[in-house]
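Scroll down for the structure; my scribbles are underneath it.
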């Protein structure tokens, strides 16, 4: 077991020496004014590069913040419109047939597409289901699920 640790320590030592080699040579050159000037120039260039990167990142964050603000404004408008639509829906004009279906549902307490199909003599369930679904979307009926059947009841 000691052999892997010794090898690992040697690897760490070698990696440490590779990383500090440049620093060691820089420390050795500290007495040379040209070397100091070169280091200061390198530092200044690196600082410029970092500042450009930070500025680009800040610009991207600003764009994201602006986009989020626009989305928030649109969401607020849509929410207000949704609320106003819900308030306006009770005054939605409906056809005579829809009025008859609505009265049928109110008188029976609940109705499914099969009930509406037989009462109003539709050839298929699709037409009856579409009428009930439209009344539901207009917030005039509520859905109640019983197994696989969907019953519609009048809103109270």
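The values are calculated or read from the model by the stated rules, or taken from the named source; none is laboratory data. Bear in mind that the values here come from a model prediction, so they are computed numbers and not experimental data. Heads up, the Cβs are rebuilt from the backbone with ideal geometry, glycines too, and the neighbour counts pull from every protein chain shown.
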* Structure fact -> Of (1) modelled with pLDDT of 90 or more; (2) over 32 Å from the mean Cα position of the chain (by Cα), residue 142 satisfies every one except (2)
* Take the stretch 93-118 and flag every residue that is assigned to a loop (DSSP other than H, G, I, E, B) and without any contact (Cβ under 8 Å) to a residue 40 or more places away in the chain. => 93, 95
* Structure fact -> Selection from the stretch 125-151 of residues part of a helix (DSSP H, G or I), out of contact with any helix residue (DSSP H, G or I) (no Cβ under 8 Å at 6 or more places or on another chain) and either at positive phi or surrounded by 15 or more Cβ atoms within 10 Å (Cβ to Cβ) (or both) yields 133, 136
